[in-house]
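Remarks on the structure that follows.
Rule-based calculations on the coordinates, nothing more; no lab input. Predicted model only: the values in this text are computed from it and were never measured.
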Amino acid sequence: MTWFGASTNCNNKNSTLASVHSLKENEFLAKLSQDSLPKMSWIGGNDIAKENDWVWTDKTAWDFNNWSSDWPKNDGDCILVMNIDEAWYNMNCIMKLASICKRNLV
């Protein structure tokens, strides 16, 4: 589904698109993408409100990133994580991909 549809789907499950705050967490989320085709999934990072001002949908701090070389680009507002290299790419939000939701258990 699109990034917007994925965000709504997560919200309907009392969760948000995943935020990422460490390399270990990023590796775990990237591995979840290995079962999807293509092997990439939407996560909650975006710069929809302001170009190059990256935020998470769960409003947690932007304290980690794992951009692929030469990324981010200025032609996409929503972040996906790819299984092959565990790196992030910002793409057009209307691409249809799998997604990863995250729920706070506290």
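Taking Cα pairs under 8 Å and at least six residues apart, what relative contact order does the chain come out at, in percent? Computed over the chain, the figure is 39 percent. Set against the labelled values (1) 2, 14, 25, 29, 21, 7, 1, 0; (2) 3, 13, 26, 26, 19, 10, 3, 0; (3) 2, 10, 11, 9, 8, 8, 8, 8, 7, 6, 6, 5, 6, 5, 2, 0, P(r) over Cα pairs in 5 Å bins from 0, in percent computed from this structure falls on (1). The count of lysine pairs in the chain whose Cα atoms are under 14 Å apart, excluding pairs fewer than 8 places apart on the same chain, comes to 5.
To check you understand DSSP bridge types, tell me what percent of the beta bridges within the chain (both residues inside) are antiparallel, rounded to 5. So the antiparallel bridges amount to about 80 percent of the total.
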